[in-house]
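Undergrad: My questions will all concern the structure given below.
Every number in this text was worked out from the coordinates using simple rules, so none of it is lab data. These numbers were taken from a predicted model, which means no experiment stands behind them.
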Amino acid sequence: MRDALLLGAALLSALAGMGWLALAMDVHWAQACGATTQAPAPLLRVLGALALAGSLGLCLAVDHASMAALVWVMAQAAAALVVAMALSWRPHWLRLLVPGVPRA
């Protein structure tokens, strides 16, 4: 049960990290939050990198290094796919990752 919770947290961390990295780009920020506000790109890049590193740490807490690396890479691929689909279908959903941003 503990391992499943840690892997779930790793997946959520990967999803948040990929979302923050996507929102750090001006084009994706404009899609999700509107062109009227400026993206806090440096902060979003740091948050994204920390979330991805946290995801790796959670994967390493569950399995040995070789299996954790595989799970982490697959989590990154899944998170990237989910963020890409969200950007193409419902970009405003990514606003949940940046609280306090006014609606576009």
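Undergrad: Specify whether the C-alpha gyration tensor of the chain places it in the rounded, prolate or oblate class, a ≥ b ≥ c being the square roots of the eigenvalues: rounded for a/c under 1.5, otherwise prolate if a/b is larger than b/c and oblate if not.
TA: It comes out prolate by the Cα gyration axes.
Undergrad: A further question follows. Any idea what the relative contact order of the chain is, in percent, if you count C-alpha pairs under 8 Å spaced at least 6 apart? Mind dumping the intermediate values first?
TA: Numbers: 122 pairs, mean separation 41.0, N = 104.
Relative contact order for the chain comes out at 39 percent.
Undergrad: For the chain, what does the helix formula give at 222 nm: sum of -39500 (n - 2.57) over DSSP H segments with n ≥ 4, over the residue count, nearest 500 deg cm²/dmol? Intermediate values should be presented prior to the final figure.
TA: Details: 4 runs with 77 residues, N = 104.
Computed mean residue ellipticity for the chain: -25500 deg cm²/dmol.
Undergrad: Let me ask something additional. With the cut-off at 1.5 for a/c, could you classify segment 35-87 from its C-alpha gyration tensor as rounded, prolate or oblate?
TA: Oblate.
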